[in-house]
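This is the structure, below, for whatever I ask next.
The values are calculated or read from the model by the stated rules, or taken from the named source; none is laboratory data. Here the structure is a predicted model, which means the values were calculated and not measured. With ligands, DNA and RNA removed, areas are computed over all heavy atoms of the protein, side chains included. Shrake-Rupley method; radii C 1.70, N 1.55, O 1.52, S 1.80 Å.
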Amino acid sequence: MNQCFATVIEDILGRTVRAEIFELLQRNGIQASEISSRFDNVVEVLTNAFGEGAHVLVFKTVTELYKEYSQRAGFTFGESLRDQIILLRERVATDLLKPSNDPSTDDSIHIVSPMPHE
């Protein structure tokens, strides 16, 4: 997810803005290597900075992540992207899917968020 996020930001906004976004995340305590494990925080920081326009960046990141695992992104712009990430994580785990572009598998999608206490 880290690479997908960086690629989407650079493709949409350019290299200079990508550097500024990573700096913004760092100022908010999020390192580039933590994007996948703290994606909810990333979304919050982007939303505070860009308003609802941040949803486009998040949607494109999740779509790119699906493409990376050769999965059809059959969801719409308004659907819960967090749920789509969880669904993809489950597919990867059950089907043992590997990213298509990187022979050294980035297992960051396998990071499981703690379950809320019942």
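How much of residue 91 can a 1.4 Å solvent probe reach, expressed as accessible area in Å² and rounded to 10?
Near enough 70 Å² of accessible area.
Follow-up. I need the Kirkwood Rh of segment 25-67: take the reciprocal of the average 1/r across all distinct C-alpha pairs and report it in angstrom.
10.7 Å
Please give the solvent-accessible surface of residue 52 in Å², to the nearest 10, using a probe radius of 1.4 Å with every protein chain present.
150 Å²
How many Å² of accessible area per residue for segment 15-77, probe 1.4 Å? Could the numbers behind the result be given before it?
On the way: 3560 Å² over 63 residues.
About 56 Å² of surface per residue is accessible.
Using a 1.4 Å probe on the protein heavy atoms only, what accessible surface does residue 12 show? Give it in Å² to the nearest 10.
80 Å²
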